[in-house]
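Here's the structure we're looking at; comments come further down.
The values are calculated or read from the model by the stated rules, or taken from the named source; none is laboratory data. Model, not experiment: these values are computed from the prediction. Note that each Cβ is placed from the backbone with ideal geometry, even for glycine, and that neighbours are counted across all protein chains shown.
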Amino acid sequence: MSDKFDVVVVGGGPGGYVAAIRAAQLGLKTACIDKWLNKEGNGVYGGTCLNVGCIPSKALLDSSHKYEEAKDNYEIHGITTKDVKIDVSKMLERKENIVNNLTQGVAGLFKSNGVTALEGFGKVIAGKKVEFTDHSGNVQVLDAENIIIATGSVPVEIPPAPLTEGVIVDSSGALEFTEAPKRLGVIGAGVIGLELGSVWNRLGSEVTVLEAQDKFLHLVDSMVGKEAAKQFKKQGMNIMLGARLTGTEVKGKGKKKEVIVSYTDAEGDKTITFDKLIVAVGRRPYTENLFSQDAGVNLDERGFIFVNDQCATDAPGIYAIGDVVRGPMLAHKASEEGVMVAERIAGHKAQINYDCIPSVIYTHPEIAWVGKSEDELKADGETYNVGMFPFAAVGRAMAANDTAGFVKIIADAETDMILGASVIGPSAGDLVQQVVIAMEFGSSAEDLGMMVFSHPTLSEAVHEAALSVNNHAIHKANRKRR
Ligand code: FAD
Ligand code: AMP
């Protein structure tokens, strides 16, 4: 492999593999290096997202949701279900099959697009070279016109809760429980903690979430956070706010192992005992052994690779994308950065609108948002109008017996331009995407309100929330009539 590559991508997650495919589509001679080995010891692409992140977590969320629906929510439809059971090993097998299908799919896409797939470790060295070590230890140095670093992130580990085989696990371990633990603790009420806590709560675990912050879901709109807390409480999840984990002690042997968790809240020091504990306190950028000292790439003070808005590092011809750089740790953000960088390398003028990246929490109800929340706008002293519409007034939500939550759209008071939206309720992730599209096209709330939405659909909540911004929603009372 002595030829020079136009692009060498280090990391084959949703950032790296998408960058590699787009670069190859644009006619660039491209290689993608990834070190991931699956349980069978085979090299696979797809990174965190396909192997232990977005996809397996959603597979378990969907299975557990169906189980809960069949168990508790069919009677209202006149359907009798008795002795509904879940076979956890079958559920895990289904998840594995989905993961395998998708990772093999990436390998297939590499082949069809002519990307050279290199399984092993990549290290960036001076002079735009990448040292590639395959899984057998053979080393080659690749010459690259351009390098794209997409090495992603790994779970944050905290000293008071060291991972302990079978008892204290991170998000990857929480995807592998072979039965629902009786008492399950989750440290961190972030996206990952709530999703994984929901899976096992639905399957029968008594779930307690300890969150150090006093405010629940502090990053989302306050009204959404309040509604979410209400709904999760109803589902039986015990969410303890202002509770900071300070230590753990594992006791017992084999299946009898348990973990005593020490934490501090407003009342002082306390302990609580669980059968399993998930540590979900965030993720950190992964750059271990990635650079030789003279590679010329700098990190910021939090360990992320320092890049500009176009994902260029301080070293000419070297780019970095995805979880290893600033911004939200989301698969779709990583992929879009991958496409942008590949296109810029090919000489196109690509750019990302970082103000328009949606986020979704795939709990039930689902939670999704884009742009600015009301809390942020208030703190910035902006003037704005808010339109809201509850799913309880949406015919299709009633038909589906899924009426918790609402759509909230916020527009500039003067120009009516949409500044942000939050949705909590059925298909929130898909509904917020409609507002993302509107925002990308510079839509006002009035523009969105003037579009035709199919009836009966959940999307009508988006339509009515947009109308409600200017007080002319049809299916609810408005603050002022116009
Ligand atoms: P990664 O996916 O982390 O991929 C990095 C790759 O680089 C890995 O394959 C790694 O093996 C490889 N690598 C690292 N260093 C080297 C090296 N030196 N040489 C060779 N290879 C290397 N995001 C969403 O948008 N939606 C979700 O629903 C969602 N759910 C999630 C659920 C869980 C449980 C978790 C943990 C994460 C979830 N995420 C979700 C986050 C999402 O997985 C990440 O944002 C995304 O995977 C980041 O993509 P990336 O390409 O930057 O890095
Ligand atoms: P996220 O960053 O969205 O993955 O969420 C991680 C959550 O974990 C944040 O809300 C943190 O406040 C929380 N967290 C971090 N450390 C601790 C700790 N020691 N005890 C409880 N919660 C924590």
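Taking residues in the range 243-256 that are under 24 Å from residue 178 (Cβ atoms), and partners anywhere that are part of a strand (DSSP E or B) and near ligand 2 (Cβ under 10 Å from one of its atoms), the pairs with Cβ atoms closer than 8 Å and at least 6 places apart or on different chains are 248/261.
For residue 383, state whether it is surrounded by fewer than 24 Cβ atoms within 10 Å (Cβ to Cβ) and farther than 28 Å from residue 75 by Cβ. So residue 383 fits the description; yes.
For the range 319-437, the helices (runs of 4 or more DSSP H) that sit wholly inside it and include 1 or more residues that are more than 13 Å from ligand 1 (Cβ to nearest atom) and more than 24 Å from residue 477 (Cβ to Cβ) are 331-345, 374-379. Against the numbered list (1) in a loop (DSSP other than H, G, I, E, B); (2) within 12 Å of ligand 1 (Cβ to nearest atom); (3) not assigned by TED's automatic domain parsing to the domain that holds residue 54, residue 151 comes up short only at (3). Condition test on residue 117, is it within 16 Å of ligand 1 (Cβ to nearest atom) and part of a strand (DSSP E or B)? It is true that residue 117 is within 16 Å of ligand 1 (Cβ to nearest atom) and part of a strand (DSSP E or B). Of all residues in the range 171-207, those satisfying the criterion of being of a type outside the set (A, V, I, L, M, F, W, C) and either part of a helix (DSSP H, G or I) or not assigned by TED's automatic domain parsing to the domain that holds residue 231 (or both) are 171, 172, 173, 193, 195, 197, 198, 201, 202. If the condition is being surrounded by 20 or more Cβ atoms within 10 Å (Cβ to Cβ) and under 9 Å from the mean Cα position of the chain (by Cα), then the range 330-341 contributes only 331.
Residue count for the range 261-294 under the criterion of being under 27 Å from residue 48 (Cβ atoms) and in contact (Cβ under 8 Å) with a residue 12 or more places away in the chain: the result is 19.
Matching residues to (1) under 29 Å from residue 97 (Cβ atoms); (2) within 12 Å of ligand 2 (Cβ to nearest atom):
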residue	(1), (2)
165	yes, no
183	no, no
193	yes, yes
206	no, no
253	no, no
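Against the conditions (1) within 11 Å of ligand 1 (Cβ to nearest atom); (2) not in a helix (DSSP H, G or I), residue 56 satisfies every one except (2). Of 102, 175, 184, 142, all but one fail to be out of contact with any Lys or Arg (no Cβ under 9 Å at 6 or more places or on another chain) and touching a residue at least 12 places away in the same chain (Cβ under 8 Å); the exception is 102.
For (1) more than 16 Å from ligand 1 (Cβ to nearest atom); (2) acidic (Asp, Glu); (3) under 22 Å from residue 54 (Cβ atoms); (4) modelled with pLDDT under 95, each residue gets a yes or a no:
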{"position": "191", "(1), (2), (3), (4)": "no, no, yes, no"}
{"position": "199", "(1), (2), (3), (4)": "no, no, yes, no"}
{"position": "217", "(1), (2), (3), (4)": "no, no, yes, no"}
{"position": "227", "(1), (2), (3), (4)": "yes, yes, no, no"}
{"position": "246", "(1), (2), (3), (4)": "yes, no, no, no"}
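Residue-level check: of (1) within 10 Å of ligand 2 (Cβ to nearest atom); (2) within 23 Å of the chain's Cα centre (by Cα); (3) within 30 Å of residue 374 (Cα to Cα), residue 243 misses just (2). Just one of (1) out of contact with any Ser or Thr (no Cβ under 9 Å at 6 or more places or on another chain); (2) more than 13 Å from ligand 1 (Cβ to nearest atom); (3) not assigned by TED's automatic domain parsing to the domain that holds residue 310 fails for residue 146. It is (3). Scanning the range 62-115 for residues that are surrounded by 12 or more Cβ atoms within 10 Å (Cβ to Cβ), among the small types (Gly, Ala, Ser) and closer than 22 Å to residue 172 by Cα turns up 63, 64, 105. Under the condition of being among the β-branched types (Val, Ile, Thr) and either near ligand 2 (Cβ under 8 Å from one of its atoms) or part of a strand (DSSP E or B) (or both), the residues counted in the range 208-220 number 2.
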